[in-house]
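All remarks here apply to the structure that follows.
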Amino acid sequence: MSGFILGLFNLLLLVILIMYLSRHDWPQAAITGLIAFVAFMISFSASFLEMVLEMVTQKLSNIIFS
């Protein structure tokens, strides 16, 4: 569900970015691009943290059950 919402948010940012670029409004385009990048990095960080926690849980369960 969160991936769907994030995808719609990124699509909206892309439309806004294209609008700013077509108007040659460079500062607003840079801010919009920065917002899109930060949203991507937050999503990437959350996925990375989930993978790390899954690996730690797997290793701990192997230690406990062996």
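The values are calculated or read from the model by the stated rules, or taken from the named source; none is laboratory data. Being a predicted model, the structure only gives us computed values, none of them experimental. Please note: Cβ atoms are built from the backbone with ideal geometry, for glycine as well, and neighbour counts cover all protein chains shown. Heads up: the accessible areas ignore ligands, DNA and RNA and are worked out on the full protein's heavy atoms, side chains in. Shrake-Rupley method; radii C 1.70, N 1.55, O 1.52, S 1.80 Å.
What is the helix-to-structure angle for 26-65, meaning the angle in degrees between its Cα long axis and the longest Cα principal axis of the chain, kept from 0 to 90 and rounded to the nearest 10?
On a 0 to 90 degree scale, this one is about 10.
Does region 1-44 come out rounded, prolate or oblate, given a ≥ b ≥ c as the square roots of the eigenvalues of its C-alpha gyration tensor, rounded meaning a/c under 1.5 and, failing that, prolate meaning a/b above b/c?
The shape class here is oblate.
Which chymotrypsin sites (Phe, Trp or Tyr not before Pro) in the chain pass both tests, a DSSP loop state and at most 16 other beta-carbon atoms within 10 Å? Can you show the working numbers first?
Values: sites: F4, F9, Y20, F37, F40, F44, F48, F65; in loops: none.
Loop-located and lightly packed - none at all.
Quick one: pull the percent of accessible area on region 1-63 belonging to carbon and sulfur, 1.4 Å probe, ligands and nucleic acids left out. Intermediate values should be presented prior to the final figure.
Details: 4060 of 5210 Å².
That share works out to 78 percent.
Could I have the simple spin-label model distance between A39 and L12, label points 7 Å from Cα toward Cβ, reported in nm to one decimal?
Label-label distance for A39 and L12, simple model: 0.7 nm.
Would you mind getting me the FRET efficiency between A30 and E50? Use the beta-carbon distance for r and R0 = 22 Å, nearest 0.05. All intermediate terms of the calculation are to be shown ahead of the outcome.
Working: r = 31 Å, r/R0 = 1.39.
Approximately 0.10, to the nearest 0.05.
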